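The block underneath contains the structure these notes are about, expressed in structure tokens.
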Amino acid sequence: MSAPAIPSDPPADYLTDHTVKSWLLTGDHKRIGVLFLISVTIFFFVGGAAATLLRLELMTPKGDVLASADAFNRLFTMHGVVMIFFFLIPSIPAVLGNFLLPIMIGARDMAFPRLNLLSWYIYLIGGLLGIWILIFGGVDTGWTFYTPFSSMYSNTMVVTAAVSVFIVGFSSILTGLNIIVTTHTLRAPGMTWFRLPLFVWSHYATALIMVLGTPVLAISVVLVGLERIFRVGVFDPALGGDPILFQHLFWFYSHPAVYIMVLPAFAVVSEIIPCFARRPIFGYRFIAFSSIAIAIFSFLVWGHHMFVSGQSMYVGAIFSVLSFLVAIPSGIKVFNWTATLYKGSIRFDTPMLYALGFIGLFTIGGLTGLMLASLAIDVHVHDTYFIVAHFHYIMVGGSVMAFLGALHFWWPKITGRMYPEFWGKLSALLVFAGFNVTFLPQFLLGWLGMPRRYFEYRPEFQVLNVMSTAGASILAMGFLLPLVYFLLSLRQPRNAGSNPWGATGLEWQIESPPTSHNFHGPVLVTCEPYMYSPEEAEREYAHEQLVHHS
Amino acid sequence: MSSSSITLEEAAVPARTETLLSHHFDDVEQQSNASILGMWFFLATEVMFFSGLITAYTIYRALSPEAFRLGSLHMHVWLGFFNTLVLLTSSLTMALAVRSSQLGRRDRTVWYMVATAVLGAGFLGVKAIEYSMEIEHNLFPGVNFQVPAEDAAALAEISATPEELQQNLGHFQIMFVLYFFITGVHAFHMIIGIVIVLIMAALMKRNWFSGNGTTQIEAMGLYWHFVDIVWVFLYPLLYLIDLSGGH
Amino acid sequence: MWDFPLFPEQATANAQKLDALMLFEVGILVFFTTLIFTLILVFCLRFRRGSKVDRSNAPTHSQALEVIWIAIPAILSAVMFIWSMQLFYELYDPPADAAEISVVGKQWMWYLQHPQGRSETNELHVPLGQAVKLNMTSQDVIHSFFIPAFRIKQDVLPGRYTSLWFQPTKVGKFDLFCAEYCGTNHSIMIGTVHVMEPADYEAWLAAKGVGPSQAEEGERLFVQHHCAGCHRGSQTVHAPRLEGVYGKPVPIQDGENIRFIQADDRYIRDSILEPRSEVVAGYEPLMPSYKDQISEQDLLKIIAYIKSLANQEPIQ
């Protein structure tokens, strides 16, 4: 028998070892999640800086803020490339998926810790190449790299950009591989598939897309690179090539990619709503299966980006039908989350504000998606600000808000500290208000006919553009505040407690921050997730009020 | 010792046969399953990777079947056939390596893995010879590409308009773009495979693996067989479009 | 400040039909958004922590509800799909008597050719009430021909022809935009569609020489392709001035010797497409080739412009 251990102050957790080597050579999924958090945050603000410059330029119809149309074209390209490939795609899966998934299923780490670390290094290499491009000339093809402009006419660093995207795609594939294999093989005894938190289901669906879709993107950008270097004619009509082939290959990945960006957001919302409504989620199986359905259907709709591209109108009709169908599982989720509020005992902490905001904004974004699936309407609004508004509603009003909500919800678990609730609520409101003022006018702009990627525009579009820029300034504040108060919170001691929200889920049964191996002993799961009781919550609340006032 | 089934105890291997268990796995079986499952899903990504290229091939061949047929006639059918046999044999030696490791016969495992790598290198050598012949005949796409005269004439005959001839000539070059690119990507995968197999053989020789390295070699075997199967698809698509050989 | 329109003008029958469909879909959006927002608001208020309401037996699933909120959106989707598909197909079904106009898009202008002979740049004149079919191709990258007031758009591709048709129902001037990002000047690749009374249109068609002449067009191209940057007196590049050159002998460096050739159409053309083949004596072979960058008709216009400089004083 060994002597009782002398308790050290503070207790050792996954953050304790402070050496650089322990961080750069870590296999711990929690540390890798934190490493990704730092990296994606940096890229978020890089992409945000580009957006700020764009919106400043677009306040006036003529080009006056930026040096030239070329500068504008490079800026919007980099905004898209950075935000999509270096922020949105890794954000929730590589930060929160990495951190939480093993704990949620009762495991001590991801299946492949070294591949996990490798995925971060690969991401960094791709990201550094992206920064290189930013400094040394930029790319001006748009994040969509359409041929033949990208393969034959652009004078910018297209090949470097193709290599950068190719590399960062591998990071995505490795993250996806890890998630899939971990979910299959490392669930603790008793953790059957239908006892998994919906966070895991959604991330599993995301991982399927990451693994199956990303290689096709790799091929697309490699072909563009080859075309530029060897001038072989795969996309050059003069040599028998077909520029539309690029669009098919590109969108075959890039449409499912948008679900890589939104399914993890669904994952987060499915965790937050039951916790703050204090009741079991409504329609667990439907939500779980709808995630898988979305992953599968997402591969069948890429042609809705190409209704006016010159593809056959019959093919257009098929993609239109399928696009309507893919909206249905998303609708199922929205209704189920709303129903989860019924007979709950609802608190409005910051994570809940973000989750509720998500539902509203995603509904708008998704329904405008139905308008885009409508062939004739898309003819009018394709390549206009209507599209820009639509995808920002999903990606910012949806994914970014879910990311922020997730950060607030799991911050005490990740760092052991609490964020300041007042500032959290304020930021959430600023983000929600600023976002709507920025992007709602853009629907109108698009319907009026203002095309996207325009450096100069017709004067009659100015009023709405000014409104949009004004909203962007509010939105920017809403994004900067959390950066400040999250960092400041790290100066506090690690006293948030293991379960400040009183949530269910295995991650809340362990310390904040967790120890290196997550659990101290074997894990046995014996019940369903989300075993909240609204009535019990009410009783506790009434008791608290009594105690408070006595 | 007979070479038929042999038990682990009889294999007389030195030192440890206990496979090291990583802290996050509950038992060796779980660890092994995870690795194999991971390799299967990775191969799924590779399938998608090659599928994109084969899709491009399918589309262009459907647009100009004659151009592709004529292009294919320039392939070295017998060299390709030899290569196919070499690759299939290498899969055999790889499978034997896996079996040997399961039986704990380390020396044999090393031998089979080296044989696999050698056969793979042989494949690449033949491929290099083919490439050099094709480059010499101006069939490498780019500035030096020339459509051979008899093929240009044949395409001119079946083209109704000058624009169609341009398309057909262009697709003739695209056939070679796809040939070099797809077989190049395949060869790249082979190079990676050979390097890893050799590294694993060396590690095996130095008793680096905690157990018999069975899981790792099995996973590598899956990868090797996959690269082999890709070739089995590529060979007919690129080489065997028209075996009659007539113009 | 608030006088921005909510939708563009409706200048074709298609525009009106499309706006009706859009109104329907906006209605659906407003309905469901309001529904969700209201439900959330009501539930959040009613069931906020501390409110004294009955929370017993909170349901966790309901097959019936799932079926309802799958079926109703599915039915609405079917309606939206069928309606929009019909409109979409009409866009691909031009009437047999449509007048055909050829369109060439290139970086960064639209070149339109009426069959009766007149051609225009960045402008399209059409008569009221007459169906017009555009046959379009691109000379370089993918562009997109977009007229918001008509609610039509079609990508314009190199090496292929795509088409679009419309029948204007309103006289006026309407914006024409390029809607597929195509490089530096994508945002100024815009034009105007003039819908005129039939009589005015006939008059316009008959008038010649009212638009810019070949030489004026050529000068515009001369500037656009940056020829002026070197050939109009550059500080950094020593390039021959072109005033007074056409029709006169030009000294060409031929190895160690100098020979003289006549500066005719062929010489100007070759100088643009293969500048290294005949370099003017005393100049470095610095000029890049414009092969594949300037179309045939543009070449002719540039040559016309340089021809127009023939009688000016040569500048050293």
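The values are calculated or read from the model by the stated rules, or taken from the named source; none is laboratory data. Bear in mind the structure is a predicted one, so any value in this text is a computation, not a measurement. All Cβ positions, even for glycine, are placed from backbone atoms using ideal geometry, and neighbour counts span all protein chains on display.
The set of residues in the stretch C:149-178 being within 10 Å of another protein chain (Cβ to nearest Cβ) and either without any contact (Cβ under 8 Å) to a residue 12 or more places away in the chain or in contact with a His (Cβ under 7 Å, 6 or more places away or on another chain) (or both) consists of C:Arg151, C:Lys153, C:Val156, C:Cys178.
Among the numbered conditions (1) buried (at least 24 other Cβ atoms within 10 Å of the Cβ); (2) over 21 Å from A:His382 (Cβ atoms); (3) within 21 Å of the chain's Cα centre (by Cα), the only one that A:Ile332 does not meet is (1).
Suppose we filter C:Leu91, C:Leu128 for residues that are in contact (Cβ under 8 Å) with a residue 60 or more places away in the chain and outside the structural domain of C:Gln167 (by TED's automatic domain parsing); which single one remains? Before you say what the answer is, go through the steps one by one.
Values: C:Leu128 fails: outside the structural domain of C:Gln167 (by TED's automatic domain parsing).
Testing whether each residue is in contact (Cβ under 8 Å) with a residue 60 or more places away in the chain and outside the structural domain of C:Gln167 (by TED's automatic domain parsing) leaves just C:Leu91.
The set of residues from the stretch A:454-471 being within 26 Å of the chain's Cα centre (by Cα) and surrounded by 22 or more Cβ atoms within 10 Å (Cβ to Cβ) comprises just one member, A:Ser468. Scanning the stretch C:18-35 for residues that are in contact with a Phe, Trp or Tyr (Cβ under 8 Å, 6 or more places away or on another chain) and of a type in the set (A, V, I, L, M) yields C:Leu21, C:Met22. When restricted to residues that are at pLDDT 95 or above and of a type in the set (Gly, Ala, Ser), the stretch A:318-329 contains 2. Does B:Glu164 qualify as being under 28 Å from A:Leu223 (Cα atoms) and of a type outside the set (Val, Ile, Thr)? So B:Glu164 fits the description; yes.
Looking only at the stretch B:211-220, decide whether some residue is surrounded by fewer than 16 Cβ atoms within 10 Å (Cβ to Cβ) and either assigned to a loop (DSSP other than H, G, I, E, B) or under 15 Å from the mean Cα position of the chain (by Cα) (or both).
For the stretch B:211-220, residues surrounded by fewer than 16 Cβ atoms within 10 Å (Cβ to Cβ) and either assigned to a loop (DSSP other than H, G, I, E, B) or under 15 Å from the mean Cα position of the chain (by Cα) (or both): absent.
Taking the criterion of being over 19 Å from the mean Cα position of the chain (by Cα), more than 14 Å from chain C (Cβ to nearest Cβ) and over 30 Å from A:Val34 (Cα atoms), the residues of the stretch A:414-450 that qualify are A:Val437, A:Thr438. Among the residues making up the stretch C:199-240, those that are surrounded by fewer than 16 Cβ atoms within 10 Å (Cβ to Cβ), part of a loop (DSSP other than H, G, I, E, B) and either polar (S, T, N, Q) or modelled with pLDDT of 85 or more (or both) are C:Ser213, C:His225, C:His226, C:Ser234, C:Gln235, C:Thr236. Among the numbered conditions (1) surrounded by fewer than 19 Cβ atoms within 10 Å (Cβ to Cβ); (2) more than 9 Å from chain A (Cβ to nearest Cβ), the only one that C:Leu112 does not meet is (1). For the stretch A:268-319, taking the residues that are part of a helix (DSSP H, G or I) and among the hydroxyl-bearing types (Ser, Thr, Tyr), the one that is nearest to the other protein chains (Cβ to nearest Cβ) is identified as A:Tyr284. On the stretch given as the stretch C:11-58, residues that are more than 7 Å from every other protein chain (Cβ to nearest Cβ), of a type outside the set (A, V, I, L, M, F, W, C) and on the phi < 0 side of the Ramachandran plot total 12.
The numbered conditions (1) crowded, with 24+ Cβ neighbours inside 10 Å; (2) among the aliphatic types (A, V, I, L, M); (3) within 20 Å of A:Gln311 (Cβ to Cβ) are all true for A:Ile260 except (3).
Filter the stretch C:86-109 down to residues that are among the hydrophobic types (A, V, I, L, M, F, W, C), crowded, with 18+ Cβ neighbours inside 10 Å and within 30 Å of C:Leu23 (Cβ to Cβ), then give me how many there are.
Of the residues in that region, 3 qualify.
So for the stretch C:84-103 (the condition being touching a helix residue (DSSP H, G or I) at 6+ places or on another chain (Cβ under 9 Å), within 14 Å of chain A (Cβ to nearest Cβ) and closer than 23 Å to C:Gly172 by Cα), does at least one residue qualify? Yes, the stretch C:84-103 has at least one match. Restricting the first member to the stretch C:235-257 and to residues that are of a type in the set (Asp, Glu), and the second to residues that are modelled with pLDDT under 85, the beta-carbon pairs closer than 7 Å and six or more apart or on different chains are C:Glu243/C:Gln312; C:Glu243/C:Glu313; C:Glu243/C:Pro314; C:Glu243/C:Ile315. Hey, any hits in the stretch B:64-71 for a residue that's within 14 Å of another protein chain (Cβ to nearest Cβ) and of a type in the set (D, E, K, R)? Yes: the stretch B:64-71 contains one or more residues that are within 14 Å of another protein chain (Cβ to nearest Cβ) and of a type in the set (D, E, K, R). Quick check on the stretch A:121-144: of everything there that is among the β-branched types (Val, Ile, Thr) and more than 30 Å from C:Thr184 (Cβ to Cβ), which residue is nearest to the other protein chains (Cβ to nearest Cβ)? Top of the filtered list is A:Ile122. Restricting attention to the stretch C:103-118, which residues are touching a Leu at 6+ places or on another chain (Cβ under 7 Å) and without any contact (Cβ under 8 Å) to a residue 60 or more places away in the chain? Scanning the stretch C:103-118 gives C:Val103, C:Leu112.
This table checks each residue for (1) within 10 Å of chain C (Cβ to nearest Cβ); (2) outside any strand (DSSP E or B); (3) closer than 28 Å to A:Val95 by Cα; (4) free of Cβ contacts under 8 Å to residues at least 12 places away in the same chain.
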position: A:Asn336; (1), (2), (3), (4): yes, yes, yes, no
position: A:Phe358; (1), (2), (3), (4): no, yes, yes, no
position: A:Ile387; (1), (2), (3), (4): no, yes, no, no
position: A:Phe391; (1), (2), (3), (4): no, yes, yes, no
position: A:Gly397; (1), (2), (3), (4): no, yes, yes, no
position: A:Ala402; (1), (2), (3), (4): no, yes, yes, no
position: A:Pro412; (1), (2), (3), (4): no, yes, yes, no
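With respect to the conditions (1) surrounded by 23 or more Cβ atoms within 10 Å (Cβ to Cβ); (2) farther than 30 Å from A:Asp70 by Cα; (3) more than 8 Å from every other protein chain (Cβ to nearest Cβ), A:Leu118 falls short on a single one, namely (1).
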